[in-house]
Amino acid sequence: MNRIKELRESKGKTLAQMSDETGITDNNLSRYEHDLRNPKLKTLCAIADYFDVSLDYLLGRTDEKWINKKAHSATTENA
């Protein structure tokens, strides 16, 4: 789960700030970042939404932040 730490740091957020903004405890976030614990699917989805990335990117399955960039653009334009 190194992507969580990379994304968090790229946003300039501390564990405490991310915890406040996501409702995930900073202890759990730290465990996810250090591969000491695996988040449940619901938590993974919340983290992916927080960073506006795909689950595949978050899990390290791809280097593309969004698999279907065209669909993502349409979604964010309508929001």
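FYI, it's all coordinate maths here, none of it is from the lab. Please read these numbers as outputs of a predicted model, since none were measured by experiment. Cβ placement follows ideal geometry from the backbone for every residue including glycine, while neighbour counts extend to all protein chains displayed.
Using the Karplus curve 6.51 cos²θ - 1.76 cosθ + 1.60 with θ = phi - 60°, work out ³J(HN,Hα) for each residue of the stretch 18-26 in order, rounded to whole Hz, and write x for Gly and Pro.
Running phi through 6.51 cos²θ - 1.76 cosθ + 1.60 with θ = phi - 60° gives 5, 4, 4, 7, 10, x, 8, 4, 5 Hz.
Along the Cα→Cβ direction, 7 angstrom out, place labels at K11 and D26. What is the inter-label distance in nm?
Label at K11, label at D26, 1.6 nm between them.
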